[in-house]
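Presented below is the structure to which this report refers.
The values are calculated or read from the model by the stated rules, or taken from the named source; none is laboratory data. No experiment lies behind these values; they were computed from the predicted model shown. Neighbour counts run over all protein chains shown; Cβ positions are idealised from the backbone, glycine included.
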Amino acid sequence: MNETRIEWCDSTWNPVTGCKRGCPYCYAKRIAERFKCKGVKPGEVVECFELKEPFYQDERNQPYPFGFVPTMHRYRLGEPARKTKGQTIFVCSMADLFGPWVPTRWIVEVLDACRKAPQHRYLFLTKYPKRYLELDHMALLPHEDNFWFGSTVTKGEDSAAWMKDIGCHWFLSIEPLLGPVDLTAGSGPMPEWVIIGAETGNRKEKVRPEYEWVQSIVSDCVTFNIPVFMKDSMKAIWPSKLFQEFPWDYTCPVCHNTQHPPGAKFCMVCGTAFPLKGDR
């Protein structure tokens, strides 16, 4: 596990790295390819790698020895259990754990490792949320409160990838924001949390989000009482103070109850109306 600059989590944990989707704006691929050392021979096609122990080259531990080829780092599975203080962990920030190329047994191993360390909150992101449904139908998807399953979208055309109602915590990461997004366009339940971020890096075709796109998303979140978290990359687009809200940290100012169902507008204990947070 590693400390991270990602504002909405405490740590990242990467028992699986690599991805085959090929998004042109992917920061993870840029990082992994920079640290690639050896493994894939010229012209050789390798679906994935498995490592039982760290990979060393020149007496140094190489975190991404095969670049962005999907890799299971099995020796990392015990890391959450060794951290006794609870953290919010972004699982597989350097991969899409639920991509169709990922063996189901890898996913099961990662989820089992999470269950063995229930002191943490685990956040997952994918562009293939249908895999969540498949795993749920196989009774393999955790429904515990400390598991949060997210979908990544970048523009309105991605709305078909939103979650269906399977009884788990779910959130939406709109990053990088490349076009307008209508939160009401999905066929499933509304997300319990929305993250918004702009594209970073120096890509020639880099897209700067328009203020109106952001305002529309925030307006939908206000309507449905959804917490919003704006990453620091939004400072150049959003003129007011950034919303950096979490769905699990709201406390009723009257009775101090912290247990609220998703989308609740009133405290379920004392009936106090929840105020809107920030300058929306």
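Can you pull out the strands (runs of 3 or more DSSP E) entirely within the stretch 34-93 that have at least 3 residues that are surrounded by fewer than 11 Cβ atoms within 10 Å (Cβ to Cβ) and at pLDDT 85 or above? Working first, answer last.
Numbers: elements: 49-51, 71-73, 88-91.
By residue number, no strands (runs of 3 or more DSSP E) qualify.
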Worksheet item: Taking the stated definitions as given, is F224 more than 28 Å from T17 (Cα to Cα) and aromatic (F, W, Y)?
Response: yes
Discussion item. So I217 ticks every box in (1) out of contact with any Ser or Thr (no Cβ under 8 Å at 6 or more places or on another chain); (2) among the hydrophobic types (A, V, I, L, M, F, W, C); (3) closer than 19 Å to Y128 by Cα but one. Which box is left unticked?
Written reply: (3)
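Taking the stretch 191-200 as the search range and keeping residues that are in contact with a Lys or Arg (Cβ under 9 Å, 6 or more places away or on another chain) and in a loop (DSSP other than H, G, I, E, B), which one is modelled with the lowest pLDDT?
Let us first name the residues in the stretch 191-200 that are in contact with a Lys or Arg (Cβ under 9 Å, 6 or more places away or on another chain), namely 195-200.
If we keep only those that are in a loop (DSSP other than H, G, I, E, B) as well, we get 197-200.
Details: G197: 94, A198: 91, E199: 87, T200: 81.
Ranking the qualifying residues of the stretch 191-200, first place goes to T200.
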Practice prompt. Exactly one condition in (1) in a loop (DSSP other than H, G, I, E, B); (2) modelled with pLDDT of 85 or more is not met by K20; state its number.
Written response: (2)
Item to complete: Working only within the stretch 118-137, note down all residues that are of a type in the set (S, T, N, Q) and either at pLDDT below 90 or in contact with a His (Cβ under 9 Å, 6 or more places away or on another chain) (or both).
Response: none
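Against the condition among the β-branched types (V, I, T) and either on the phi > 0 side of the Ramachandran plot or touching a Lys or Arg at 6+ places or on another chain (Cβ under 7 Å) (or both), how does V153 come out, does it pass? Full working, then the answer.
Values: among the β-branched types (V, I, T): yes; either on the phi > 0 side of the Ramachandran plot or touching a Lys or Arg at 6+ places or on another chain (Cβ under 7 Å) (or both): no.
No, not satisfied.
Here is a yes/no grid of residues against (1) in a helix (DSSP H, G or I); (2) of a type outside the set (D, E); (3) more than 16 Å from S151 (Cα to Cα):
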{"residue": "I166", "(1), (2), (3)": "no, yes, no"}
{"residue": "L178", "(1), (2), (3)": "no, yes, no"}
{"residue": "T184", "(1), (2), (3)": "yes, yes, no"}
{"residue": "P189", "(1), (2), (3)": "no, yes, no"}
{"residue": "N202", "(1), (2), (3)": "no, yes, yes"}
{"residue": "V207", "(1), (2), (3)": "no, yes, yes"}
{"residue": "D220", "(1), (2), (3)": "yes, no, yes"}
